[in-house]
Amino acid sequence: LDRGTLTKHEIDEIIKDIVGNKLTEIEITSFVCGCYINGLTLYESAYLTEAIVANGKQLDLDAYPILDKHSAGGVPGNRTTPLIVSTVAAAGFTIPKTSTRSITSVSGTSDTVEVFAPVTHTKKKIEDIVKKTNGCMVWGGTLELASADDKLIKVERPLNLDPEGILLASILAKKIAVRATHVLIDLPIGKGTKFEDIKKAKRVERKFKQLGKLLGLEIKVILTKGHQPIGNGMGPALEARDVLLVLQNKGPLDLKKKALYMAGLLLQMGGIKNGYKKAIEILESGLAYKKFREIIKAQGGNPNIQPNNIKIGKFKYNVKSKNSGKIKFIDNIIITKIAKMAGAPENKGAGIYLNFHVGDKVKKNDVLFIIYSENKKKLDYSVDLCNKLKVIEID
């Protein structure tokens with residue numbers, strides 16, 4: 001709080017004490033507030049990353065390179081991870097993906113993957129899954145790979161604080177904990193994302209690259225469009241359907257295109273010259289789908305599940321266009337609120353299915369989107385909220 005800088009030893013002591021439950025929540029809060037008010041130097045962020053890793057567990061994997069990705073979030077339906085992991089693992093690369101559950105979104109990667117298979121596994125089981133299939137899609141919360149990070153997040157959430165220096169350390173600590181050597185980071189830009197301002201995104205991009213050099217990681221950062229939802233489904237089961245359809249060469253093209261772009265970049269980082277072309281070949285030949293089924297089976301799920309087997313909420317409401325025209329804007333924040341009000345992500349079958357995107361032409365009474373819920377009262381609440389707010393702007 002006095003604007004001094006912390007040494008490597010001091011940061012290590014703080015993290016050690018957080019993990020050992022030797023600090024009260026008030027003391028941890030003071031640390032978080034100090035980091036938020038004064039920021040962290042590049043070296044302080046590097047020390048914090050190393051301390052989180054040193055005071056947690058790491059996967060034991062004998063492979064090189066080990067690829068990984070991270071998306072900053074804020075874009076509903078942006079469920080690229082299962083597609084990227086399946087494609088990259090099918091190309092023969094190791095990609096042990098740990099993900100979070102939803103904090104403020106309609107669904108986290110783990111919430112969606114859980115529709116297919118269990119995501120909570122021991123460290124040993126995860127190592128076995130990865131050695132068998134080259135990849136995994138698991139929840140990182142039970143691994144204690146970055147337990148100090150989880151305790152910092154617990155304090156940050158109610159205060160609505162996300163100190164940049166801690167954010168950078170948090171993301172990279174999780175990557176180092178799974179032994180990643182090459183990391184692709186996606187920073188979506190647009191209203192409702194973490195980076196509404198492109199200047200902030202470029203500053204964070206620069207810091208990620210600088211930190212990567214200090215920590216011995218090869219990092220590539222991409223700035224992507226996050227001004228509207230990606231795919232059609234928003235909510236665990238609806239997103240799971242989208243993922244399965246793309247793997248079967250159907251489904252939403254925008255989701256397929258973004259996943260292939262990111263998978264292609266990861267393949268290039270791994271040494272394949274025309275990574276994008278290779279990614280398309282793997283997905284469209286059915287090899288990615290085959291790999292996905294292998295991973296789902298290894299994680300204890302049903303590899304034969306089909307899109308129409310995935311249960312969606314039985315209560316639904318069609319939201320229709322009040323006039324004809326072209327879709328000018330879709331509000332990520334409001335659409336997320338409505339989907340959450342309907343019960344997502346706690347109720348797997350709840351959420352929103354979007355029929356149109358920005359730039360599409362619609363006619364009066366076209367169904368713009370469908371709200372699904374597992375509970376009639378929750379559906380009524382979400383419809384009421386929908387009627388009060390402007391979700392989609394039509395010109």
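The values are calculated or read from the model by the stated rules, or taken from the named source; none is laboratory data. Source: prediction; values computed, not measured. Reconstructed Cβ throughout: ideal geometry from the backbone, glycine too, with neighbour counts over all protein chains shown. Surface accessibility is based on the protein's heavy atoms, side chains included, excluding ligands, DNA and RNA. Shrake-Rupley method; radii C 1.70, N 1.55, O 1.52, S 1.80 Å.
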First in the stretch 6-23 and without any contact (Cβ under 8 Å) to a residue 40 or more places away in the chain and among the polar types (S, T, N, Q), second anywhere and surrounded by 14 or more Cβ atoms within 10 Å (Cβ to Cβ) and outside any loop (DSSP other than H, G, I, E, B), Cβ under 7 Å, 6 or more apart: none
Number of the condition not met by Ala298 [criteria: (1) closer than 21 Å to Lys258 by Cα; (2) touching a residue at least 40 places away in the same chain (Cβ under 8 Å); (3) not polar (S, T, N, Q)]: (1)
In the stretch 232-249, residue most open to solvent (accessible area, probe 1.4 Å) [restricted to those that are in contact (Cβ under 8 Å) with a residue 40 or more places away in the chain and farther than 15 Å from Ile312 by Cβ]: Gln248
Test: residue in the stretch 291-299 that is in contact with a helix residue (DSSP H, G or I) (Cβ under 8 Å, 6 or more places away or on another chain), among the acidic types (Asp, Glu), in a helix (DSSP H, G or I) and over 25 Å from Gly192 (Cα atoms): yes
Unmet criterion (only one of (1) open to solvent by less than 20 Å² (accessible area, probe 1.4 Å); (2) under 28 Å from Gly343 (Cβ atoms); (3) of a type outside the set (Gly, Ala, Ser); (4) in contact with an Asp or Glu (Cβ under 9 Å, 6 or more places away or on another chain)) for Thr133: (2)
Single residue of Ile95, Ile15 found to be in a helix (DSSP H, G or I) and either among the aliphatic types (A, V, I, L, M) or in contact with a Phe, Trp or Tyr (Cβ under 9 Å, 6 or more places away or on another chain) (or both): Ile15
Complete set of residues in the stretch 302-321 that are closer than 14 Å to Ile392 by Cβ and either surrounded by 15 or more Cβ atoms within 10 Å (Cβ to Cβ) or within 22 Å of the chain's Cα centre (by Cα) (or both): Val319, Ser321
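Can you tell me how many residues in the stretch 269-301 are of a type in the set (Phe, Trp, Tyr), within 27 Å of Lys125 (Cα to Cα) and open to solvent by 10 Å² or more (accessible area, probe 1.4 Å)?
Total satisfying the criteria: 1.
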Residue in the stretch 322-341 that is exposed (fewer than 15 other Cβ atoms within 10 Å of the Cβ), over 30 Å from Thr122 (Cα atoms) and polar (S, T, N, Q) present: yes
Residue count for the stretch 1-41, restricted to those that are under 12 Å from Ala51 (Cα atoms) and loosely packed, with under 12 Cβ neighbours inside 10 Å: 1
Residue count, the stretch 343-358 (criterion: open to solvent by 40 Å² or more (accessible area, probe 1.4 Å) and more than 16 Å from Ser373 (Cβ to Cβ)): 3
Subset of the stretch 372-395 (residues that are β-branched (Val, Ile, Thr) and under 17 Å from Gln228 (Cα atoms)): Val391, Ile392, Ile394
Answer from Gly212, Gly216, Gly190, Gly226 - the residue that is of a type outside the set (D, E, K, R) and under 15 Å from the mean Cα position of the chain (by Cα): Gly226
Unique match (being out of contact with any Asp or Glu (no Cβ under 6 Å at 6 or more places or on another chain), in a helix (DSSP H, G or I) and open to solvent by less than 50 Å² (accessible area, probe 1.4 Å)) among Leu214, Leu266: Leu266
Residue tally, condition touching a Ser or Thr at 6+ places or on another chain (Cβ under 6 Å), crowded, with 24+ Cβ neighbours inside 10 Å and not polar (S, T, N, Q), over the stretch 98-121: 3
Test result for Lys256, out of contact with any strand residue (DSSP E or B) (no Cβ under 9 Å at 6 or more places or on another chain) and either modelled with pLDDT of 95 or more or part of a helix (DSSP H, G or I) (or both): yes
Considering residues of the stretch 78-97 that are over 19 Å from Glu281 (Cβ atoms) and touching a helix residue (DSSP H, G or I) at 6+ places or on another chain (Cβ under 6 Å) only, the residue surrounded by the fewest Cβ atoms within 10 Å (Cβ to Cβ): Thr81
Residues within the stretch 269-280 that are over 18 Å from Lys250 (Cβ atoms) and either in a helix (DSSP H, G or I) or of a type in the set (Ser, Thr, Tyr) (or both), tallied: 5
Which numbered condition Lys194 fails, given (1) over 28 Å from Tyr64 (Cβ atoms); (2) at pLDDT 95 or above; (3) in contact with an Asp or Glu (Cβ under 9 Å, 6 or more places away or on another chain): (2)
Meets criteria (of a type outside the set (Gly, Ala, Ser) and part of a helix (DSSP H, G or I)) for Thr29: yes
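Take Glu239 and tell me if it is closer than 25 Å to Ile371 by Cα and touching a Gly at 6+ places or on another chain (Cβ under 9 Å).
yes
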